Amino acid sequence: MLFDELKSIVGERGWTSDAEELEPHLTDRRGRVFGTTQIMVSPNTTAQVSEVVKACGEAGVGIVPQGGNTGLCGGAIPDSSGNQVLLSLSRLNSIRAIDARDFSIVAEAGCILATIQDAAAGVGHFYPLSLGAEGTCQIGGNLSTNAGGINVLRYGTARQQVLGLEVVLADGTVWDGLRSLRKDTAGYDMKQLFIGSEGTLGIITAATLKLYPDPGETATVFVALNSAQQAVELLALCREKLADNIQAFELLSDRSLRFARRHLTGVSLPFDDEHPWIVLCEIVVGESRSALEEMLAVALEQDLAVDVVIAKNQAESDQLWRVRHSISDAQRPEGANLKHDISVPIGRIAEFIAEGEELIDSMMPTARLVAFGHVGDGNLHYNIAQPIGADGDKFLQDGQAVTEAIYELVTRMGGSISAEHGIGVLKRDYLRQYRSATELDMMKAMKTALDPRNILNPGKVI
């Protein structure tokens, strides 16, 4: 029997069928997707992952890889049949090597993102991937969704941080591509197939990641604005005056900050007055802040900003970033939310926001827009909270038409319906609608070639 074989492969501590232990692994972070399984296996070596995949393949049973389960599209949740095997990477969590001179680190898929950041800091280096769930999310999941986070503007997405991968393929074969080369044109760049594929083409078990020099002193800046267009123009000024010293550039709507004040303890923001928009940015200043101060002075003179505050110390900086990272959590007590992780060209962000507000006013005039995100790379979390006192389930059902209208607007502006959260199951139908038949055919061809029996995370993405 398959389950007996799986238990033998992973050992006594490597599996569970206990309903209480399984419960947190069977729903996504938003509580939108629910599944069931008869068993979760937790291998602690790549060889065990390989044997599990091989056994499931021979039995024709689907496997759902899961990392920290912090995803927002249901990509790591088994279906409702109870027939799929849940494969947790949490025990595969070692840092295999770190080379300060090579500026690289080899981490297993179950390593917590914050652990990798700390390991890099321990050798005087910097690992730039940073997001709200970094204390619980795992690097394998980050890579499988091509996570973005706050530092994409300077360092790129998770994809840009990968030098090599180790991947278990659908037949149990292990591809060892853990090279640390910066230049390698020997054939296809195979690792890029698996990054962002959400475990549907192969299971990432380890990665060689880029490290960077410690950026040194940074300044956290809180800027009040009257419009989203000012944010776009302020970003252009920052890039002109500060070049690539802009590490993060986040746009926050007034309502997102009001939710944070309402539901987070110990929140204190620099401005007493409410402003329509706020930019929160992190600037590398090195030994001198003069260039930053000069840029901010120009911004005020040119009416690109209403008010500016620079965090006086690390504690103030940490509090401002805590507010930013907690906005999603602060939305939950407000009821049901329509969430749209979208991207548009940076120069069209203000246009998108203006047209989006008109769209929402016409379709759901009492709903509450909660917009925030990484405006420095064109990625907005364009969320809509239910009207106060509304029925949440009905709001979500009615909101499908709003979501489609938003995605139509995004597509018309040359954007994407998923910027950093992936497709999973929640956006699968939308992918079919907003990607061309040619592109979908190419995706299906890759899936068929690498997973002909469709056992790797079946039902996700395509």
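The values are calculated or read from the model by the stated rules, or taken from the named source; none is laboratory data. This is a predicted model, so every value here is computed, not measured. Cβ coordinates were reconstructed from backbone atoms using ideal geometry, including for glycine residues, and neighbour counts include every protein chain displayed.
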> Considering the range 362-377 alone, what residues qualify as being within 23 Å of Arg262 (Cβ to Cβ) and more than 26 Å from the chain's Cα centre (by Cα)?
Replying inline: Met364, Pro365, Thr366
>> Testing Ala231 on (1) at pLDDT 95 or above; (2) outside any strand (DSSP E or B); (3) within 23 Å of Ala114 (Cα to Cα), one condition comes back false. Which one is that?
In response: (3)
> Which of the residues that make up the range 336-377 are surrounded by fewer than 20 Cβ atoms within 10 Å (Cβ to Cβ) and without any contact (Cβ under 8 Å) to a residue 40 or more places away in the chain?
Replying inline: Glu357, Glu358, Asp361, Ser362, Pro365, Thr366
>> With the requirement that a residue be within 21 Å of Phe103 (Cβ to Cβ), buried (at least 21 other Cβ atoms within 10 Å of the Cβ) and not aliphatic (A, V, I, L, M), what does the range 211-247 give you?
In response: Gln247
>> Looking at the range 355-413 only, could you name the residues that are within 21 Å of Pro333 (Cα to Cα) and part of a loop (DSSP other than H, G, I, E, B)?
In response: Met364, Pro365, Thr366, Ala367, Gln386, Pro387, Ile388, Gly389, Ala390, Asp391
>> Among the residues of the range 178-222, what is the count of those that are touching a residue at least 40 places away in the same chain (Cβ under 8 Å) and under 28 Å from Ile246 (Cβ atoms)?
In response: 19
> Which of (1) in a loop (DSSP other than H, G, I, E, B); (2) among the hydroxyl-bearing types (Ser, Thr, Tyr); (3) over 14 Å from the mean Cα position of the chain (by Cα) is the odd one out, the single condition Ser130 does not satisfy?
Replying inline: (3)
> Name the pairs: first residue in the range 431-459 and on the phi < 0 side of the Ramachandran plot and surrounded by 17 or more Cβ atoms within 10 Å (Cβ to Cβ), second residue among the basic types (Lys, Arg) and in a helix (DSSP H, G or I), Cβ to Cβ under 9 Å, at least 6 apart or on different chains?
Replying inline: Leu456/Lys447
> Under the condition of being in contact (Cβ under 8 Å) with a residue 60 or more places away in the chain and in a loop (DSSP other than H, G, I, E, B), which residue from the range 32-68 is surrounded by the most Cβ atoms within 10 Å (Cβ to Cβ)?
Replying inline: Gly67
> Only one of these conditions is not met by Ile342: (1) within 25 Å of Glu420 (Cα to Cα); (2) in a helix (DSSP H, G or I). Which number is it?
Replying inline: (2)
> Does Thr27 count as modelled with pLDDT of 95 or more, surrounded by fewer than 18 Cβ atoms within 10 Å (Cβ to Cβ) and in contact with a Phe, Trp or Tyr (Cβ under 7 Å, 6 or more places away or on another chain)?
Replying inline: yes
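Look at Ile98 and say whether it is closer than 24 Å to His421 by Cα and of a type in the set (Val, Ile, Thr).
Details: closer than 24 Å to His421 by Cα: no; of a type in the set (Val, Ile, Thr): yes.
Judged against the criteria, Ile98 is not a match.
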